[in-house]
Amino acid sequence: MAKSMVVAGVMSGTSVDGVDVALCRISAEADGGPRIKVIGHVGVGYSKAVRAAVLRVMEGGAVTAGEMSRLNWRLGAVYADAVEAAAQKFGVKVGLVGCHGQTVFHEAAGVKFLGRAVRSAIRSTWQMGEASVVAERLRCPVVSDLRSADLAAGGQGAPLVPILDYVMFRSAKVNRVMQNLGGIGNLTAIPAGAGVDGVMAFDTGPGNMVIDGCMERLFGKKYDRGGAVGRRGLVLQGVVDGVLGERYFSALPPKSCGREEFGAAFVLRFIEACKSAGGSDADVVATATASTTASVVDAYRRFVWEHFATAGSTAVLAKTEFVVAGGGVKNATLMGMLRDGLGALGVRVREMGELGVEPQAKEAVAFALLAWLTWNRLPGNVVRATGAERAVVLGKVSFG
């Protein structure tokens, strides 16, 4: 049986606002499955210079190979600093680190490249942050590059959080939808009483990404604090309807997305559409907030409801809870819109903190679990969620 370990999960997401570190004590249950106790969470913001450099790479700016190499190593130092700060704050010695890294490119759909035919197309993902720096500083093993093995096995390489959702939050009596609202929104749908094979998961579309992009361009701020700007604006419903007409939202799961679909170019088109409809700057932010809400509610109506309806009598008769995590929880306007939209469908909206995990910490906890699974040679992808051909052990190990 695997011994108990203190594992640090390190997450830096598509919002590019900083690093979350979750310290967890993970041990094995009698059946070999993991038991997770969250010790604590620390959030560390990126400096303006680091954030700007990451965004320049993500948005396809002019960057040399040398600059990308240096950024990779600089991010490794940022992650090492964050884990050290968390370990000191909570007075623990870290035995293993799961480091997601900073996704700067993710293309799960194959493309022709350097002569390869489409039927044997190139699919790729890239997470920056040199794990060797973290391993050397912490003097412990680091599991990184956690998406590539799933991608190589035919999957999307995302979402990877469903294994945590299943381990920690499945219920025998309640259907649960675990919705994360980071830069990108993603959900895990777990029918009451289901096994891991009954889990559905996919990216719902932009979470905070478009809201943040509009705030930065129109107000010079990184995000809409508390949803204050969105609250005073008017929603331009025609623009919302146009967003939902994008091909991504009707595509069948499994599916994943990122800045490639909803980054700077999308934000510029979105602002132009709002301005053409006569919207003020505040109306743009309100409409971006409503678009995120609409994409989540649409995902529930279009895919999740049917999944629960066909999952068996237990799920059909059970009530449904929609549990929200990520930075979007802090946006009161967004959360209010979600409660209204999902409440009309008879779905109760809860925040992750009500289930004992800090909303901002969830994804970091997931990467702690994934590292523990990898260290114990156990697969970490949920095949139905990513679309992989088989369950695989994820990541690469750097020994400290």
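Every number in this text was worked out from the coordinates using simple rules, so none of it is lab data. These numbers come from a predicted model, not from an experiment. Virtual Cβ from ideal backbone geometry, glycine too; neighbours counted across all protein chains shown.
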(request) Considering Cα pairs under 8 angstrom that are at least six residues apart, work out the relative contact order of the stretch 163-355 and quote it in whole percent. (result) 29 percent
(message) Which trypsin sites (Lys or Arg not before Pro) in the stretch 1-57 sit in a loop by DSSP (not H, G, I, E or B) and have at most 16 other Cβ atoms within 10 Å of their own Cβ?
(response) K3
(request) Can you run the Rg to Rh ratio on the stretch 1-137? Use alpha carbon positions and the Kirkwood inverse-distance Rh. (result) 1.06
(request) Restricting to the stretch 82-160, compute how many DSSP beta bridges are antiparallel as a %, nearest 5. (result) 65 percent
(message) Taking 8 Å as the Cα distance limit and 6 or more residues as the minimum spacing, I'd like the relative contact order of the stretch 237-314 as a percentage.
(response) 47 percent
(message) As an exercise, use a Förster radius of 56 Å and the Cβ-Cβ distance of A265 and E354 to find the FRET efficiency, rounded to the nearest 0.05.
(response) 0.90
(request) Write out the chymotrypsin sites (Phe, Trp or Tyr not before Pro) in the stretch 94-183 meeting two conditions: DSSP loop, and at most 12 other Cβ atoms within 10 Å of their Cβ. (result) F113
(request) Take every DSSP beta bridge with both residues inside the chain and express the antiparallel ones as a percent of the total, to the nearest 5. (result) 70 percent
(message) Taking loop as defined by DSSP and a crowding limit of 14 other beta carbons within 10 Å, which trypsin sites (Lys or Arg not before Pro) in the stretch 215-265 fit?
(response) K221
(request) Counting only DSSP beta bridges with both residues in the stretch 163-355, tell me the antiparallel percent, nearest 5. (result) 55 percent
(request) Please give the net charge around G230, taking every other residue with its beta carbon less than 14 angstrom from that of G230, where Lys and Arg add +1 and Asp and Glu add -1. (result) 0
(message) Going through the cross-link list K3/K396; K330/K362; K37/K330; K3/K362, which pairs have a Cα-Cα distance over 18 Å in this structure?
(response) K3/K396; K37/K330; K3/K362
(message) So if I average 1/r over every pair of distinct C-alpha atoms in the stretch 163-355 and take the inverse, what Kirkwood radius in Å does that give?
(response) 16.8 Å
(message) Taking Rg and Dmax of the Cα atoms in Å straight from the coordinates, which label in [x] 25.9, 108; [y] 23.7, 80; [z] 20.2, 63 is the correct one?
(response) [z]
(request) Just need the relative contact order of the chain here, percent rounded to a whole number, with Cα pairs under 8 Å and 6+ apart. (result) 23 percent
